[in-house]
């Protein structure tokens, strides 16, 4: 099931980065056609953490989301990291709770929330802004850049036909299996941040990633 989900995610990211079989990349509307939250973020940062007997590296992105859309809305954050070498990581998966506690203490922000706690109603106005942090385990050392895709910030979406249908095997309640084919998918307006990761792998815990692009895509 998880492998099928990752195949869908990889296909959608391919759309965002490359486009469909006609060569046309789905793009957000030039004019905002639907609601959109205000989103501010800090630079991507590394974190070394002792897990059991090992020292492991994690990466995190702090952010603030604010609702000025004219109505209270639900914020359902989705943060996905896609490395230059093809590693796909969803925020907060395989991340120990200590990572969040250390980041909160490091930045002395008692209002900082993990992504799971950010999910829910976002009331209007600056006083109701929420502060969150997305955390990922380390990705492949050979990657010199990463793309972070942030969903849940806009109500704009489009249905498109996949260049290659996604096939998966489903198990029925009776215990049998059947093949399923997905030919269309709904893309949502998504913020794409690209960071360069300089330096050698052994020194990555000391590097300062550099933001090289920030744009809206359909993913």
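Being under 20 Å from residue 139 (Cα atoms) and out of contact with any helix residue (DSSP H, G or I) (no Cβ under 8 Å at 6 or more places or on another chain) is the filter here; which residues of the range 36-50 pass it?
Within the range 36-50, 42, 43, 44, 45, 50 meet the criteria.
Matching residues to (1) farther than 26 Å from residue 91 by Cα; (2) within 21 Å of the chain's Cα centre (by Cα); (3) loosely packed, with under 12 Cβ neighbours inside 10 Å:
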| residue | (1), (2), (3) |
| --- | --- |
| 142 | no, yes, yes |
| 156 | no, yes, no |
| 164 | yes, no, yes |
| 169 | yes, no, yes |
| 186 | no, yes, yes |
| 190 | no, yes, no |
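Taking interchain pairs and intrachain pairs at least six residues apart, which have beta carbon atoms under 8 angstrom, with the first residue in the range 93-106 and modelled with pLDDT of 95 or more and the second loosely packed, with under 11 Cβ neighbours inside 10 Å and in a loop (DSSP other than H, G, I, E, B)?
104/110
Which of the residues that make up the range 57-86 are out of contact with any helix residue (DSSP H, G or I) (no Cβ under 8 Å at 6 or more places or on another chain), modelled with pLDDT of 95 or more and within 27 Å of residue 144 (Cα to Cα)?
Residues satisfying the conditions are 59, 61, 63, 64, 78, 81, 83.
Assess whether residue 147 counts as being in contact (Cβ under 8 Å) with a residue 40 or more places away in the chain, surrounded by fewer than 16 Cβ atoms within 10 Å (Cβ to Cβ) and in contact with a strand residue (DSSP E or B) (Cβ under 7 Å, 6 or more places away or on another chain).
Working: in contact (Cβ under 8 Å) with a residue 40 or more places away in the chain: yes; surrounded by fewer than 16 Cβ atoms within 10 Å (Cβ to Cβ): no; in contact with a strand residue (DSSP E or B) (Cβ under 7 Å, 6 or more places away or on another chain): yes.
Judged against the criteria, residue 147 is not a match.
(1) under 30 Å from residue 202 (Cβ atoms); (2) outside any strand (DSSP E or B): which one isn't true of residue 175, the others all being true?
(1)
The values are calculated or read from the model by the stated rules, or taken from the named source; none is laboratory data. These numbers come from a predicted model, not from an experiment. Because the Cβ atoms are built from the backbone with ideal geometry, glycine has one as well, and the counts that use them run over all protein chains shown.
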